[in-house]
Each structure stands twice: as C-alpha cells, then as structure tokens.
C-alpha cells in the first residue's frame with residue numbers, strides 16, 4: 001500500500017501538467033506520461049467522447065500505431081462497459097475475461113496475462129470519456145486496486161474538467177488549443193481571442209515561501225477551478241480554514257457565500273439543525289424558521305471542519321445530502337435542492353476510523369475525492385520568521401505599538417518545534433509582545449527561556465535525555481519523559497523509546513487515555529495522536 005503522500009504527490013504532478021500553457025491534446029498526452037512514472041503500466045490511454053457520442057483516442061502510451069483512431073480502439077469492450085455504467089472496472093487477468101478475447105485474438109504483440117484498470121472521466125455526473133491502463137499481471141490485492149482506482153478517478157476527473165473547459169472556450173471562440181486557437185477573419189487575417197476573465201491568483205492570507213507550502217498552494221490553485229470535494233488533512237493549527245478560503249476565492253464560486261461550521265462537540269440533533277435548518281416549532285426553542293448552512297452556502301462553498309467528529313447516526317443523513325443534493329429542514333416536508341461545493345477538514349486518522357467502524361466508508365469516499373495534506377510548521381523551512389513578523393505587525397497595528405524582533409530572537413523562534421503550529425506561533429508572538437519591556441524583542445523576552453512556556457519546547461541541547469523526541473513527531477510537552485516519576489508513580493528508565501514509554505503509561509493507567517495523559521504530563525488529545533502515530537491498539541479492559 002502506498003502512503004497518502006505518494007498519491008498526493010502524483011496528483012500534484014498531474015495537476016501541474018493540466019494547468020500548463022499547452023493545447024488540450026498535449027496536456028492529456030503528458031498526463032499519460034506522468035502516470036507512467038507514477039504507476040507500473042504497459043499501455044494506457046485517454047479516450048474522450050466526441051460530439052456524436054462516439055469514443056475517440058486522444059492520448060496513448062504503448063498503444064500500437066495501427067490502433068490510433070476512433071475505428072480501432074484497444075480494450076474497446078471494456079471501455080464501452082465503463083462508459084455504459086459510469087463506474088470503474090478492474091480486470092485482474094485479461095486472458096480470463098470475455099471483454100478482451102477479441103483483442104487477444106487480433107493483437108500482434110500479446111505479452112501474456114495483464115491486469116486492466118479503467119475509470120470514467122466525469123464532470124457533474126456527466127461521463128466525458130475514460131482513462132485506462134494495463135500492466136503485466138502482478139497479483140495485486142483488493143486494497144491495492146481500490147487505492148489505485150481512487151487515485152485514477154481523481155486524475156480522470158481533473159482531466160475531464162480540462163476537456164470541458166476546452167470545449168466551452170472553443171464554443172465561445174476562445175479555444176485554448178495553443179496557436180491554432182486564434183480565429184481567422186473573412187480576409188484571412190488572424191484575430192486573437194479576447195482574454196478570458198482572470199481569477200485572482202494571489203492568496204494574501206497564506207504566508208510562506210517554503211517548498212512544502214508552495215506545493216500545497218499550487219495544488220490548491222489547480223483544485224479550485226473544479227467542483228470536486230476536497231478533504232484538508234493536517235495537524236491542528238496548520239491553517240485548514242485559511243486554505244479552504246483560498247480554494248473558494250480562486251474558484252468560479254468566489255462571488256457566492258463561503259460558509260463554515262465546526263462539527264466538533266455538536267450533538268447529532270444540533271448538527272442537523274445547523275446544517276439543514278429547521279421549521280418553526282420543530283422542537284422546543286424553534287421559535288422561527290431557520291435556514292441551514294447548506295442553504296446559506298447555495299451556489300458557493302461549505303467548509304465542514306472536524307468532520308471526523310460527527311456521530312455515525314448523523315453520517316448517514318449527511319451522505320444522503322451529498323449524494324442527492326437534496327435536504328429537508330428539521331420538522332419540514334419540503335425538499336430543497338442545494339448546489340454546494342464541499343470542503344471538509346480534519347486532523348483525525350479517518351482511515352483508522354473507517355477500519356474501526358467509527359466512520360462510514362461510503363461517506364469517506366464521498367468527501368475524500370481530492371485530499372490535500374497541509375505541512376506542519378516544523379516542515380516549512382524559513383516560514384516561522386516570516387509568519388512571526390506578520391503576527392508582530394498585526395499586534396503593532398491593533399495596539400498602536402512599534403515593536404521589532406532582533407535577528408537573535410527570530411533565530412530562536414525558528415528553532416522551536418511548535419506542536420500547535422501556526423496558531424501556537426501567533427500566541428507566542430502576542431504573549432511575548434504583550435510582556436516586552438522595550439521596543440525590541442530579545443531572546444530573553446520569550447517565556448520558554450524562563451521555563452514558563454507550557455505549550456512548546458525549544459531544542460536547546462542534543463544531549464538532553466529524550467529532548468526533541470516526541471510521541472507524535474513533535475515536542476508534545478515541556479517536560480522530558482525520561483528519568484522521572486509521574487504523579488501516578490510511573491518510573492521511566494532512560495533507555496526506553498517513546499513508544500515503550502507510551503505503552504508503559506497506558507498499562508499503568510489501565511488503558512485509560514486521560515489517566516495516561518496525566519502520568520505523562522500531556523493532554524488526552526496528544527496521547528490520542530501518539531497512539532495513532534505509533535499504531536498502538538488500545539486494549540479493552
């Protein structure tokens with residue numbers, strides 16, 4: 001199984017191809033080439049339906065030259081099946097499938113058993129073509145095929161958006177087919193197409209120049225022009241709401257509402273009322289009719305933050321709305337149609353939640369069309385000092401101050417791990433600026449040098465026991481876990497790893513996370529992160 005970062009990197013690579021300046025045919029050909037570098041494949045092709053509804057080869061890799069054309073399309077029977085059903089198709093062994101017998105009998109370069117994977121190219125439930133590949137039979141597992149189908153479906157849908165955009169612009173006399181896109185007048189002179197209205201490309205509220213951040217921003221720009229559902233993944237404090245806003249502002253929906261709702265700690269009943277609205281008298285306290293967030297976001301974008309926290313009972317209701325685009329207010333009978341672009345955000349391991357039965361698999365696939373992984377602040381080299389200056393400037397404007405950082409102070413900040421990410425960095429800057437006694441912030445002004453910082457820890461020395469080691473890849477506590485006795489009597493040996501320390505604390509606490517958190521001097525949420533990070537199965541006692 002590939003890691004999520006592998007698929008995200010592949011989507012980013014293909015996205016760059018699709019937003020390039022080349023004509024449509026070149027873009028789709030480059031998509032196939034990019035896929036060949038990501039997945040093992042013997043052949044592959046993008047087949048698009050023409051104006052008459054017939055499939056035509058547009059881009060191929062490894063396909064016989066004699067097959068180039070609409071009349072001789074390889075894997076024709078399989079492609080027809082995908083187009084008819086509008087669903088992916090996986091054939092582990094083409095030699096044993098009736099769909100490929102005709103091709104096997106006529107092919108001049110059969111190379112033995114192959115595996116075929118094909119997906120439809122869809123835009124707004126309309127199938128515009130197929131994307132398929134085959135390779136030598138490798139005995140892939142069901143999970144591997146499912147991962148590959150999800151990835152190829154994302155690529156196919158992005159390619160379908162490019163096809164539709166090109167057709168619309170061609171219809172309007174603004175083809176994007178390169179040099180041939182210019183129109184000719186009756187006198188034979190070329191008339192350049194009028195420039196299409198430009199969407200904003202600057203995202204002022206996202207600060208940073210690190211490669212990790214730039215990669216995410218580029219993905220955001222590509223995804224924004226579509227209506228595909230986006231799932232923002234990342235640690236708490238990485239700015240998921242700001243990236244959701246960027247997707248909305250860069251999209252064709254930017255003039256419509258951007259509505260957001262944090263789903264954490266809301267009961268199913270409250271969440272249903274918040275999202276779907278309610279009629280007057282639907283329940284105690286419902287003194288008037290109220291529109292829900294879906295209605296308020298009609299035509300625009302809806303951000304559901306902490307989507308992993310909704311109850312299983314409500315997940316089924318949400319899935320129906322996402323599938324049908326219809327809802328009824330609580331206490332109402334009238335069906336309302338809504339057109340909403342959905343963006344979800346979570347720092348929860350949804351894959352583990354699905355495996356544990358805490359999150360519906362069908363809802364997971366519905367919201368996880370395009371996952372975007374936001375980098376933690378510790379992986380954004382050079383961005384800490386940039387963000388710190390922005391936060392200090394904001395503090396100065398709000399409080400009529402004129403504070404500045406010394407280079408040493410910025411250097412000190414840059415070495416901090418900031419497990420709370422951007423949110424914690426802003427709090428640190430504001431706290432330090434508030435308590436600063438002069439117009440210049442020095443290293444000595446930071447509370448961490450006074451052993452008063454309760455949320456982060458500087459990497460002061462490499463030889464401190466377990467300094468810089470963490471339970472989830474970040475510094476979780478200002479207290480080292482080594483050479484100490486916790487409040488519940490946990491004695492920690494210096495040679496134990498973080499995983500062993502965590503297991504020891506959980507065993508001491510009877511596998512109760514809240515008790516283990518008190519032993520380790522962490523929060524229950526941090527312990528939960530650590531358990532998932534180290535893949536420790538919580539025992540039921």
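When you look at residue 373, is it closer than 19 Å to residue 525 by Cα and at pLDDT 90 or above, yes or no? The answer is no for residue 373. Taking the criterion of being surrounded by fewer than 20 Cβ atoms within 10 Å (Cβ to Cβ), touching a residue at least 40 places away in the same chain (Cβ under 8 Å) and part of a loop (DSSP other than H, G, I, E, B), the residues of the stretch 502-541 that qualify are 521, 534. When the stretch 275-307 is filtered for residues that are modelled with pLDDT of 90 or more and either assigned to a helix (DSSP H, G or I) or loosely packed, with under 15 Cβ neighbours inside 10 Å (or both), the ones remaining, listed by number, are 275, 276, 293, 294, 295, 296, 299, 307. Among residues of the stretch 312-337 that are at positive phi and without any contact (Cβ under 8 Å) to a residue 24 or more places away in the chain, those with a beta-carbon under 9 Å from a residue that is surrounded by 11 or more Cβ atoms within 10 Å (Cβ to Cβ) and part of a loop (DSSP other than H, G, I, E, B) at least six positions away or on a different chain give the pairs 325/338; 325/339; 325/340. Say whether the condition of being over 14 Å from the mean Cα position of the chain (by Cα) and modelled with pLDDT under 90 is met by at least one residue in the stretch 339-351. No, the stretch 339-351 contains no residue that is over 14 Å from the mean Cα position of the chain (by Cα) and modelled with pLDDT under 90.
Conditions (1) over 19 Å from residue 160 (Cα atoms); (2) modelled with pLDDT under 70, marked per residue:
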{"site": "51", "(1), (2)": "no, no"}
{"site": "54", "(1), (2)": "no, no"}
{"site": "58", "(1), (2)": "no, no"}
{"site": "62", "(1), (2)": "yes, no"}
{"site": "94", "(1), (2)": "yes, no"}
{"site": "109", "(1), (2)": "yes, yes"}
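For the stretch 399-456, a residue qualifies if it is surrounded by 13 or more Cβ atoms within 10 Å (Cβ to Cβ), at pLDDT below 90, touching a strand residue (DSSP E or B) at 6+ places or on another chain (Cβ under 7 Å) and in a loop (DSSP other than H, G, I, E, B), and exactly one does: 456.
Determine which single condition residue 274 fails, assuming it passes every other condition in (1) over 20 Å from residue 318 (Cα atoms); (2) touching a strand residue (DSSP E or B) at 6+ places or on another chain (Cβ under 8 Å). Against the list (1) over 20 Å from residue 318 (Cα atoms); (2) touching a strand residue (DSSP E or B) at 6+ places or on another chain (Cβ under 8 Å), residue 274 comes up short only on (1). For the residues 209, 235, 272, the requirement of being within 21 Å of residue 370 (Cβ to Cβ) and either assigned by TED's automatic domain parsing to the domain that holds residue 342 or outside any helix (DSSP H, G or I) (or both) singles out 235. Among the residues making up the stretch 246-269, a single one is over 16 Å from residue 345 (Cβ atoms), out of contact with any strand residue (DSSP E or B) (no Cβ under 9 Å at 6 or more places or on another chain) and not in a loop (DSSP other than H, G, I, E, B): 268.
The values are calculated or read from the model by the stated rules, or taken from the named source; none is laboratory data. What you are looking at is a predicted structure, and each value in this text was computed from that prediction instead of being measured. Backbone-built Cβ (ideal geometry, glycine too); neighbour counts: all protein chains shown.
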